[in-house]
Amino acid sequence: MASPRLDLDGNLINPITICMIGAGGFIGSHLCEKLMSETPHKVLALDVYNDKIKHLLEPDTLPWAGRIQFHRLNIKHDSRLEGLIKIADLTINLAAICTPADYNTRPLDTIYSNFIDALPVVKYCSENNKRLIHFSTCEVYGKTIGSFLPKDSALRQDPAYYVLKEDESPCIFGSIEKQRWSYACAKQLIERLIYAEGAENGLEFTIVRPFNWIGPRMDFIPGIDGPSEGVPRVLACFSNNLLRGEPLKLVDGGQSQRTFVYIKDAIEAVLLMIENPARANGQIFNVGNPNNEVTVRQLAEMMTQVYSKVSGEAPLEKPTIDVSSKEFYGEGYDDSDKRIPDMTIINRQLGWNPKTSLWDLLESTLTYQHRTYAEAIKKAIAKPVAS
Ligand SMILES: NC(=O)c1ccc[n+]([C@@H]2O[C@H](COP(=O)([O-])OP(=O)(O)OC[C@H]3O[C@@H](n4cnc5c(N)ncnc54)[C@H](O)[C@@H]3O)[C@@H](O)[C@H]2O)c1
Ligand SMILES: O=c1ccn([C@@H]2O[C@H](COP(=O)(O)OP(=O)(O)O[C@H]3OC[C@](O)(CO)[C@H]3O)[C@@H](O)[C@H]2O)c(=O)[nH]1
């Protein structure tokens, strides 16, 4: 018999029912996988799609059959939502439009998805005394204070000007015509609403700020399992270029910096939040890997090397090309310059630390991308275009 699960304070963890909204997406699929394979908890998985969790739903001989139930619904207009939140102990809201190419081109959909559509979820949790784990984003920090200093200022090297702290750093966005910030602003307002529900009405909440979680099943490959004109996040954009043997496109020179964390490390942090409510309630957590910082140009170079290793194909002679943000994303795009998460709070509350290096996480992710898509891309390229 499996040994009993204990929380960080040595208490027995009782099985719970989780209402997971957006369970069919990238993070949701990994979280469902973890909950099914390593815990006794039940999941009510809500989403408009289930392709990324099909392997967990069928066949019904799977060891966790009966512990995961898929509900195909759109939270914008479905009266079943409140009932599902009511029968669960905990709600996790992952549903969102969260691809930067949409923020400046579909700002209304972006704001509705990240603020308006999340409102009833917060309200139902608050009214029914249900715990909520809400997924926000590292984008709420916007730009760093350091980015406003002169280029040659020594202060730019001082962590006080760039490390992002949940309880201290300001949220610095661009002007209103820079519609890129529609997403960050909507996420910030829903964070403030959740925080206020906690303060005024006693809502038990945890807010998660993911810092570029990446891994298998992230987004889509344009023309294969997504729209041919679609623009996913950078991991899928660069994977698509590598799979097609095209140069990787560097937006505005690829000078922006990001820290990338492996999805499997990050999911460990979410499980700690789920199973340690006394330590997670009322907290806002950065979840990222401060040791995995690169410029986007360095990411492109690293992915080119790793892809060559896993595919056995020689890299292109000119592996990258520069493209302007206006050409790539359209009018109203802007960027976060640098994103280093401060880890003090998550360390203190949950004792969590990321483990996987950028090289290792790219190796396992690109092995997956090559195995999953290389054949389909070859066929798509070979197919004559209909006249
Ligand atoms: N992946 C990251 O690194 C990252 C970084 C920052 C923030 N986040 C946040 O984490 C959450 C999950 O991100 P992800 O990377 O898994 O994205 P994703 O797009 O893969 O997943 C979101 C899921 O929500 C579903 N959804 C959207 N609107 C819905 C609606 N109205 N009704 C029902 N389902 C709906 C989508 O179908 C999708 O399956 C989002 O809130 C995102 O803003 C993620
Ligand atoms: O082909 C490409 C695609 C992108 N870039 C540049 O890469 C940087 C990162 O882009 P991306 O991963 O798409 O998105 P962001 O990190 O800017 O934003 C995300 O962060 C978290 C989240 O909230 C959800 O995942 C989302 O908003 C960026 O500088 C692009 O310009 C490129 O050069 N080439």
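The values are calculated or read from the model by the stated rules, or taken from the named source; none is laboratory data. Since the structure is predicted, the reported quantities are computational estimates derived from the model, not experimental observations. We place every Cβ from the backbone using ideal geometry, glycine too, and count neighbours over all the protein chains shown. Protein only, heavy atoms only, side chains kept; ligands, DNA and RNA dropped before computing areas. Shrake-Rupley method; radii C 1.70, N 1.55, O 1.52, S 1.80 Å.
In this structure, does Ile75 turn out to be open to solvent by less than 40 Å² (accessible area, probe 1.4 Å), in contact with a helix residue (DSSP H, G or I) (Cβ under 6 Å, 6 or more places away or on another chain), assigned to a loop (DSSP other than H, G, I, E, B) and modelled with pLDDT of 95 or more? For Ile75, the condition - open to solvent by less than 40 Å² (accessible area, probe 1.4 Å), in contact with a helix residue (DSSP H, G or I) (Cβ under 6 Å, 6 or more places away or on another chain), assigned to a loop (DSSP other than H, G, I, E, B) and modelled with pLDDT of 95 or more - is met. Among the residues in segment 257-268, are any within 9 Å of ligand 2 (Cβ to nearest atom), among the polar types (S, T, N, Q) and surrounded by 18 or more Cβ atoms within 10 Å (Cβ to Cβ)? Yes, because at least one residue in segment 257-268 is within 9 Å of ligand 2 (Cβ to nearest atom), among the polar types (S, T, N, Q) and surrounded by 18 or more Cβ atoms within 10 Å (Cβ to Cβ). Scanning segment 4-42 for residues that are surrounded by 15 or more Cβ atoms within 10 Å (Cβ to Cβ) and either free of Cβ contacts under 8 Å to residues at least 12 places away in the same chain or β-branched (Val, Ile, Thr) (or both) yields a total of 7. Check whether at least one residue in segment 104-117 is open to solvent by less than 30 Å² (accessible area, probe 1.4 Å) and either of a type in the set (Asp, Glu) or within 23 Å of Arg279 (Cβ to Cβ) (or both), and report yes or no. Yes, segment 104-117 has at least one match. Pull up segment 337-387, narrow it to residues that are free of Cβ contacts under 8 Å to residues at least 60 places away in the same chain and of a type in the set (D, E, K, R), then point me to the one that is most open to solvent (accessible area, probe 1.4 Å). That would be Arg371. For segment 111-130, the set of residues classified as of a type in the set (S, T, N, Q), more than 16 Å from ligand 2 (Cβ to nearest atom) and on the phi < 0 side of the Ramachandran plot consists of Ser126, Asn128, listed by residue number.
Screening the candidates Ile97, Ile92 for the property of being open to solvent by 20 Å² or more (accessible area, probe 1.4 Å) and within 16 Å of ligand 1 (Cβ to nearest atom) yields one hit, Ile97. (1) part of a helix (DSSP H, G or I); (2) within 14 Å of ligand 1 (Cβ to nearest atom); (3) closer than 30 Å to Leu362 by Cβ: which one isn't true of Pro216, the others all being true? Every listed condition holds for Pro216 apart from (1). Taking (1) surrounded by fewer than 22 Cβ atoms within 10 Å (Cβ to Cβ); (2) more than 21 Å from Thr99 (Cα to Cα); (3) within 16 Å of ligand 1 (Cβ to nearest atom); (4) hydrophobic (A, V, I, L, M, F, W, C) in turn, Ala154 satisfies each apart from (3).
Ala45 fulfils the conditions (1) open to solvent by less than 40 Å² (accessible area, probe 1.4 Å); (2) at pLDDT below 95 except for a single criterion, (2). Residue-level check: of (1) charged (D, E, K, R); (2) touching a residue at least 60 places away in the same chain (Cβ under 8 Å); (3) out of contact with any Lys or Arg (no Cβ under 9 Å at 6 or more places or on another chain), Glu191 misses just (3). Of all the listed residues (Leu84, Leu108), the sole one being more than 16 Å from ligand 2 (Cβ to nearest atom), modelled with pLDDT of 95 or more, over 21 Å from Phe205 (Cβ atoms) and in a helix (DSSP H, G or I) is Leu108. Considered as a group, the residues in segment 224-246 that are buried (at least 19 other Cβ atoms within 10 Å of the Cβ) and part of a loop (DSSP other than H, G, I, E, B) include one that is nearest to ligand 1 (Cβ to nearest atom), and that residue is Pro232.
As for segment 59-70, it holds no residue that is modelled with pLDDT of 95 or more, within 11 Å of ligand 1 (Cβ to nearest atom) and either over 18 Å from Tyr183 (Cα atoms) or not acidic (Asp, Glu) (or both).
Ile345 fulfils the conditions (1) out of contact with any strand residue (DSSP E or B) (no Cβ under 9 Å at 6 or more places or on another chain); (2) among the aliphatic types (A, V, I, L, M); (3) within 27 Å of Tyr141 (Cα to Cα) except for a single criterion, (1). Applying the set (1) farther than 30 Å from Ile13 by Cβ; (2) more than 19 Å from the chain's Cα centre (by Cα); (3) part of a helix (DSSP H, G or I); (4) touching a residue at least 60 places away in the same chain (Cβ under 8 Å) to Gly198 leaves exactly one unmet item: (1).
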